[in-house]
1. Based on the Cβ-Cβ distance from B:A14 to A:R50, what FRET efficiency comes out when R0 is 45 Å, to the nearest 0.05?
2. Which Cα, out of B:A163, B:S222, B:M287, lies furthest along the positive dipole direction of chain B (beta carbon charges, K/R +1, D/E -1)?
3. Near the amide H of A:G258, under 5 Å away, which other amide H atoms are found, from residues 5 or more places off or on another chain, if H is placed in the peptide plane?
4. With +1 on the Cβ of every Lys and Arg and -1 on the Cβ of every Asp and Glu, and nothing else charged, how large is the dipole of chain A about its Cα centre, in debye rounded to the nearest 20?
5. Please list the equivalent ellipsoid semi-axes of the range B:223-310, computed as the square roots of five times the alpha-carbon gyration tensor eigenvalues, in descending order and whole angstrom.
6. Could you give me the radius of gyration and the Dmax of the protein assembly as shown, taking only the C-alpha atoms into account and expressing both in angstrom?
7. R0 = 45 Å: FRET efficiency of B:R293 with A:I7, Cβ-based, nearest 0.05?
8. Could you tell me the extents of the range B:160-200's C-alpha atoms along the three principal axes, largest first, rounded to whole Å?
There are 2 protein chains.
Amino acid sequence: MVLLGDIGERQLIADFRSFIRPEGIVGPGDDAAVLNRDVVVTTDMVTFDRHFAAGMTYEQFGWYSAAVSFSDLAAMGARPTGFLAALALPANLDSQAAYDIMSGIDQCAEFCGTGIVGGDTKTGPGIVAGTALGSMDGRRPMLRSGARPGDVVAVTGPLGSPAAAFKAMEYGIEAEDAKDLLYMPIPRVVEGMSMASTGAITSCMDLSDGLGTALNTICSASGVGIDVELDFIPRGPCVEDVAAQTDTPVEDLLLNWGGEYELLFTVGKDDLDKLYKAEVEFAIIGMVNDGVRPELTNDGERRPIGYGDY
Amino acid sequence: MVLLGDIGERQLIADFRSFIRPEGIVGPGDDAAVLNRDVVVTTDMVTFDRHFAAGMTYEQFGWYSAAVSFSDLAAMGARPTGFLAALALPANLDSQAAYDIMSGIDQCAEFCGTGIVGGDTKTGPGIVAGTALGSMDGRRPMLRSGARPGDVVAVTGPLGSPAAAFKAMEYGIEAEDAKDLLYMPIPRVVEGMSMASTGAITSCMDLSDGLGTALNTICSASGVGIDVELDFIPRGPCVEDVAAQTDTPVEDLLLNWGGEYELLFTVGKDDLDKLYKAEVEFAIIGMVNDGVRPELTNDGERRPIGYGDY
């Protein structure tokens, strides 16, 4: 007998993928599935146990639970068209907390241009299973598999603040601006739609499992290598401060933690103009090469980038 | 402070409905939501705690967890186009059990003409949060709100076996045929599509919360009364036997228990021909009237039908 806990989440998800059929245009292995007739759909489970960061409110937990799925739609370039929330909540929870969770979900859905269209409620340990639906409106979905050697690698915004927030909590340091980003991540829905509209993006993925994991996933899905220049990675609020105060390498905060909701993408060098015209804000962090894995260059030294600890 | 457990599930679901917006054609209060552009979607949470009947296999639990959502699509008359499975499973679960659950989900999806298109996996107490997607293909969705006085009330098949299976377990009586129906309910997807194709159905709902609850819901949503003749309700395998052996009134097994997956519907008397032509099998159990609640007639005596204990 092999216990589920001994298999590891990454292996289990890979194993379960064999059950997923190519019913739609885009099969398993991307941020969301695209079904025929232009239905984009993704589901995520968020739990009190694992995702309720210290200091978070129930409303923020609700927002967070919806944001993770909308971020997957954003990575495909889809326009959100609905959200379903299935909640398993403890019977001894203050009922106000339950309404606050629903209110947070509702606010996040509204921020993403849509609303709650259905749900279910059961007794349980504190779990939100969310499903986000979206439409491509004729845009081509952005996949993880199209990066080509010579492409530019970029992110839609600064990184590291959610990791800095966790570290700050551990050490009892103030880092309010970082905590706000951890508690209420902004799904890059508008940015994703603008990016997909250009038709120029060769690959894209959200950073919810961290930059290290995302870089490895794009390399593996596209069959390429990526060289990232550490100094190019934009740093969010509190990142350098917390790194210095806790004696943590900045690169650890930038690469190895999850909870980030910017998008990572690749684009042909000659197509950068299209992104500027679409008014997409981004920062170039490296280049795609004909290798097989992501590597980090720092002070002229190069080393492999791992999946991170998330 | 009001604890969630003190509110009661029905009240909580009613309260949460205020968050659900009319993004689509069909709003909250039906078996599934219908979004613009013909996306039908529903989500359900099934837990080891509440839905893992004694003697059930993990494969059957997986089947069951998918069947409940496909049954909601069936009640709308939708053709299933995909299923998403988010699993929260204990780390100390035998990994084979996890694969068996996925395999059961897969088999049920295949039975319903579709497949698993996505999912998520987390550690948790044993929960499957399933989302089923479907398409109306131009058919009008069957709602709960269209029953009219004078309509015929019918069900797609015999009832009471799942309740008989529960009772049999409690009393240690054999009732294998009933248990099979409890463990692997058949979502009436083909029947629902045929029914919706006729355009004749005035209201429809699945029986997952029991016939008593469904009758009350249709009455309340349609603003009508319903008179059901006890002798007309078709009885499934083991129902009369178990009722006799356990000294339980047959009507309790037929009305007050959940876990049924036949469809309840209403149709104009003059439109019954359309159902015969579409080769829909059904049994008439009563009539819609201009009252406000469902009532049961037995040996000429009439009494109100409650929501049941489920």
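Rule-based calculations on the coordinates, nothing more; no lab input. The structure presented is a predicted model; accordingly, all values stated were derived computationally and were not measured. Neighbour counts run over all protein chains shown; Cβ positions are idealised from the backbone, glycine included.
1. With a Förster radius of 45 Å, E is 0.90.
2. B:S222
3. The answer is A:Y310.
4. 1120 debye
5. Over the Cα atoms of the range B:223-310, the semi-axes work out to 24, 18, 12 Å.
6. Every Cα atom of the protein assembly as shown included, Rg and Dmax give 26.2, 93 Å.
7. For R0 = 45 Å, the calculated efficiency reads 0.30.
8. Projected onto the principal axes, the Cα atoms of the range B:160-200 cover 45, 16, 10 Å.
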